[in-house]
Amino acid sequence: MDTTRRGFLKAGALGAASLTTLLRVKAYAAVDIRISACDWSMRMANTPESLSLARAIGLDGVEISATGDVGDKMDIADPALRQAYKDAMNETGMVVSSVAMGCLNNHPFATDERAPAWLEQTIEAAADLDAKVILLAFFGQGDLRERGGLLRRGGSLKEAEVDATVERLIAAAPKARDAGVILGLENTLSAAQNMEIVERVGHESVQVYYDTGNSTDNGYDVPAEIRELDELICQIHFKDGGNALGEGRVDMDAVAAAMKDIKYSGWVTLETAVLAGDVEASFRRNAEFARNMF
């Protein structure tokens with residue numbers, strides 16, 4: 001288990017002694033990243049074969065999808081599928097960096113009556129696969145922001161949905177803590193709005209999954225938000241629309257400086273574009289760029 005400040009945060013409950021240790025480590029910790037990629041971006045969603053591709057590319061792991069033909073049970077709740085992932089992990093030396101609940105974009109966490117059970121199943125699966133972060137997606141139908149209002153720099157919130165999200169996160173957070181899992185919120189909201197939600201939940205197992213591309217597209221000051229969120233960031237997506245990293249709208253130099261300032265230590269997950277139809281070359285190029293940032 002990591003002994004950095006961020007590693008402690010992801011491990012579970014924090015006692016007074018642990019907090020003192022974290023504050024000491026904060027002054028000395030350096031940026032220490034591992035690189036994974038989203039299985040859907042590699043065009044291998046929901047399949048253990050994504051781990052073999054990650055190895056071929058030279059990555060450290062894969063962010064896998066908890067999705068499929070969603071009914072009462074998530075695909076990832078199937079022990080046979082999880083065993084297939086574990087077999088692939090053993091064969092390739094790759095790890096599951098995180099589990100993404102992209103299904104929540106079409107079946108919103110705040111309103112779908114099945115969502116709390118899906119999250120419980122995903123927590124169990126993440127623990128079984130030794131993945132430390134679950135991405136809870138809030139886009140599309142699951143967006144917590146009013147689409148008819150201001151669409152940039154925050155906009156107005158769907159207050160009822162936010163309230164329901166907070167209530168459901170409060171119920172799920174202790175289960176996540178017991179499993180050693182962080183619930184990471186990825187959405188269209190500003191850093192300040194995310195911080196308000198996290199503070200309302202009031203549990204160390206609920207943090208923010210930050211996405212440089214989404215936040216740039218929504219008009220936010222990405223480096224400032226990274227510094228503002230600081231240790232509330234459990235994981236980071238790198239992406240920049242249809243561009244290779246460093247060649248689009250996202251100021252990756254400024255992102256690197258902000259990550260250094262908060263002494264980020266953890267996974268950087270590539271949700272990057274496939275250029276010229278070449279998955280391996282595209283991800284190899286972006287992984288090299290990400291590593292060279294630090």
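Quick look at the values:
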item: Single residue of ALA281, ALA287, ALA273 found to be touching a residue at least 24 places away in the same chain (Cβ under 8 Å), surrounded by fewer than 22 Cβ atoms within 10 Å (Cβ to Cβ) and either more than 27 Å from LYS132 (Cα to Cα) or not polar (S, T, N, Q) (or both); result: ALA273
item: The range 106-123: number of residues that are in contact (Cβ under 8 Å) with a residue 40 or more places away in the chain, buried (at least 17 other Cβ atoms within 10 Å of the Cβ) and of a type outside the set (Val, Ile, Thr); result: 8
item: Qualifying residue in the range 246-266 (condition: surrounded by fewer than 15 Cβ atoms within 10 Å (Cβ to Cβ), in contact with a strand residue (DSSP E or B) (Cβ under 9 Å, 6 or more places away or on another chain) and modelled with pLDDT under 95); result: no
item: Where a residue in the range 92-105 is buried (at least 20 other Cβ atoms within 10 Å of the Cβ) and its partner, wherever it lies, is of a type in the set (Ser, Thr, Tyr) and modelled with pLDDT under 95, with Cβ under 9 Å and at least six apart; result: ALA100/THR67; MET101/THR67; GLY102/THR67; CYS103/THR67
item: Count - residues of the range 207-232 that are free of Cβ contacts under 8 Å to residues at least 40 places away in the same chain and in contact with a Gly (Cβ under 8 Å, 6 or more places away or on another chain); result: 2
item: Helices (runs of 4 or more DSSP H) contained in the range 162-237 and holding at least 1 residues of a type outside the set (Gly, Ala, Ser) and in contact with an Asp or Glu (Cβ under 7 Å, 6 or more places away or on another chain); result: 222-229
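The values are calculated or read from the model by the stated rules, or taken from the named source; none is laboratory data. Not measured: the values here are computed from a predicted model. Positions of Cβ are generated from backbone atoms using ideal geometry, with glycine treated the same way; all protein chains shown enter the neighbour counts.
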